[in-house]
Amino acid sequence: MTTSNLTESPRTHSVTLWTLVALIIGSTVGAGIFSLPQNIASVAGPGAMLIGWLIAGVGMLSVAFVFQILAHRKPHLDSGVYSYVRAGLGDFIGFTSGWGYWLGSVMAQVGYATLFFNTIGHYVPFFDADHRWVSAIAVSLLSWGIFAVLARGIKQAAIMNMVTSVAKIVPILAFIVILAFVGFSWDKFTLDIWGKASDKSLFEQVQGIMLFTVWVFIGVEGASVYSKQARTRSDVGRATVIGFISVLALLVSVSTLSFGVLTQEELAALPDNSMASVLTAAVGEWGGALISLGLCLSVLGAYVSWQMLCAEPIVMMAVDGLLPRKIGTVNIAGAPWVAQLISTLTIQLFVIVFFLNETSYNAMVQLATIMYLLPYIFSSLYLVLLAVRGKGLTHPHAGVRFDISGPEMSHRENRRHLFIGLVAFIYSIWLIYAADPVYVLLGALAVVPSMIPYVATRLYKKERVFNTFEWFVVALVIIGAVAAVWGLGTGRLVL
């Protein structure tokens with residue numbers, strides 16, 4: 001395969017606004033929406049559900065706006081979520097966030113593919129839970145098949161993702177339209193609107209809902225990851241907002257309409273693909289079959305999206321000199337095939353590890369979510385720093401200009417950006433707080449291996465490895481990793 005260096009053969013600006021929107025919808029609308037009715041009903045009534053979506057909508061919209069604003073304020077930072085964190089908090093924190101985003105995408109791939117074949121296993125016993133190694137082989141073949149498509153170039157993969165995104169949205173829209181006109185009962189929706197039949201307070205119900213919003217909204221930053229390939233930089237911000245509003249409308253509609261078909265107790269007792277059960281209750285078996293088909297298409301579409309996103313963070317870190325530059329090699333089609341190969345090999349490794357340990361889908365995605373939250377938190381903090389002091393905390397390389405000014409910001413705009421950044425930062429920290437501590441510690445453990453290539457690259461270039469602030473962060477990560485190893489060794493931590 002003929003190759004060239006990224007700096008010698010830059011990728012063209014070929015990704016359009018609507019391709020970026022499709023990328024966001026394809027990345028965000030995965031398996032989570034199909035299990036929403038059961039997930040929400042297991043912790044909350046209809047009233048708490050609406051309050052929870054209001055809070056989640058404000059929080060995640062602020063995160064979406066963070067990436068839109070950063071794309072506008074710092075147009076020269078064209079590596080998406082990774083470059084914002086590096087500019088705001090320095091090389092190591094940026095590298096850790098990029099590594100976390102990449103590793104989270106890898107873990108999500110295994111979770112998505114596992115759920116895909118488990119769903120097929122409901123109809124084809126050859127792929128059921130009793131044949132885990134058959135599913136493992138199928139997951140591996142799917143991953144390498146997607147790699148072969150990606151190696152042909154970003155544009156071809158983006159077109160493939162757009163097709164699957166449109167295909168999977170159709171059953172979801174059918175669910176919404178059918179229930180809105182046929183199955184929804186206002187009397188049933190208001191029967192126990194505040195969930196008084198449960199033993200949980202309204203606050204506890206809302207808190208429970210917040211946990212489910214983490215995974216279903218992951219991917220809202222998808223357009224910014226591909227900012228360098230966008231036809232115009234303004235498309236990045238517009239695609240982020242359009243994609244977010246579209247996804248939020250789908251999530252709220254599905255969860256709200258379900259409470260008008262079945263009671264909270266009935267919804268809570270449904271299986272994972274609860275959307276199918278709800279539509280079956282409303283119109284019969286054909287409705288369940290339609291949604292099951294949508295689930296398969298949704299998971300497959302999300303799988304394509306995330307394998308596209310996997311390679312980008314490590315490519316950009318290689319281009320910026322934080323990883324060996326050979327990782328940024330592209331082929332004649334403009335595809336970063338070396339990074340995609342590394343990502344696919346890592347997916348293969350996690351397939352073996354997760355299947356040997358019989359790790360559940362929920363465990364995979366919760367660990368992946370912890371890794372994704374790192375760039376959310378630090379990108380929000382960078383916007384706060386820009387609004388307050390006009391630059392980030394630390395810029396260790398004199399030759400790298402992170403403080404290049406973008407468009408002039410008025411005092412009013414800075415105040416608005418500060419408010420959005422603070423809301424997004426607090427919300428992101430809240431998501432970490434709401435997560436199971438097991439996954440926080442395992443997330444720290446997952447960061448430790450990244451230090452090896454990072455330190456080796458710095459030593460090879462004869463550069464300072466860590467500054468004082470970074471040493472403090474390294475110490476926290478190592479403490480968390482040691483706690484994770486101790487917990488796994490003693491059996492106190494279990495996935």
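The values are calculated or read from the model by the stated rules, or taken from the named source; none is laboratory data. Just so you know, these numbers come straight off a predicted model, no measurement behind them. A quick note on method: Cβ atoms are made from the backbone with ideal geometry, for glycine too, and the neighbour counts reach across all protein chains shown. These area figures cover heavy atoms from the full protein model, side chains too; ligands, DNA and RNA do not enter into them. Shrake-Rupley method; radii C 1.70, N 1.55, O 1.52, S 1.80 Å.
Below is a table of values for the structure above.
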quantity	calculated
Trp194 - accessible surface, heavy atoms, 1.4 Å probe, Å² rounded to 10	120 Å²
Long-range Cα-Cα pairs in region 15-433 (distance over 36 Å), rounded percent	24 percent
D_trans [Stokes-Einstein, Kirkwood Rh over alpha-carbon pairs] for region 23-92, 25 °C, 0.890 mPa s, µm² s⁻¹	165 µm²/s
Solvent-accessible area, 1.4 Å probe, carbon plus sulfur percent, for region 422-492	77 percent
Protection-proxy order for peptides 431-438, 70-77, each taking the mean of Cβ atoms within 10 Å per residue, highest first	70-77, 431-438
Average silhouette area of region 258-377, convex hull of alpha-carbon atoms, in square nanometres	11.2 nm²
Set Lys74/Lys462; Lys74/Lys326; Lys326/Lys462 screened for pairs whose C-alpha atoms are more than 20 Å apart	Lys74/Lys462; Lys74/Lys326
Pairwise FRET efficiency - Val182 versus Ala475, Cβ, R0 = 60 Å, nearest 0.05	0.55
Separation in nanometres of the label points that stand 7 Å from Cα toward Cβ, at Val58 and Asp199	3.1 nm
Region 253-287 and region 53-118: distance between their alpha carbon centers, rounded to Å	32 Å
Where Arg238, Arg415 fall by accessible area, highest first, once all protein chains stay in place (1.4 Å)	Arg415, Arg238
Long-range amide H partners of Phe259 with built H, under 5 Å	none
Largest-first ordering by accessible area, 1.4 Å probe, given options Glu408, Glu266	Glu408, Glu266
Region 306-384, relative contact order in percent, only Cα pairs under 8 angstrom and at least six apart counted	18 percent
Semi-axis lengths, Å, region 447-487, gyration tensor of Cα atoms, sqrt of 5 times eigenvalues	22, 13, 5
Stretch gain in nm, segment Arg412-Thr232, where the contour uses 0.36 nm per residue and the Cα spacing is subtracted	62.2 nm
Separation in nanometres of the label points that stand 7 Å from Cα toward Cβ, at Arg492 and His131	4.2 nm
Listed peptides 382-388, 283-289 by packing density, highest first (mean Cβ within 10 Å)	382-388, 283-289
Assigned charges on the beta-carbon of Lys, Arg, Asp, Glu; region 15-433 dipole about Cα centre (debye)	1520 debye
Relative contact order of region 15-433, defined on C-alpha pairs under 8 angstrom at six or more residues apart (%)	37 percent
Probe 1.4 Å - accessible area at Ile93, Å² to nearest ten	10 Å²
Highest-first arrangement of 252-265, 107-120, where packing means the average Cβ count within 10 Å	107-120, 252-265
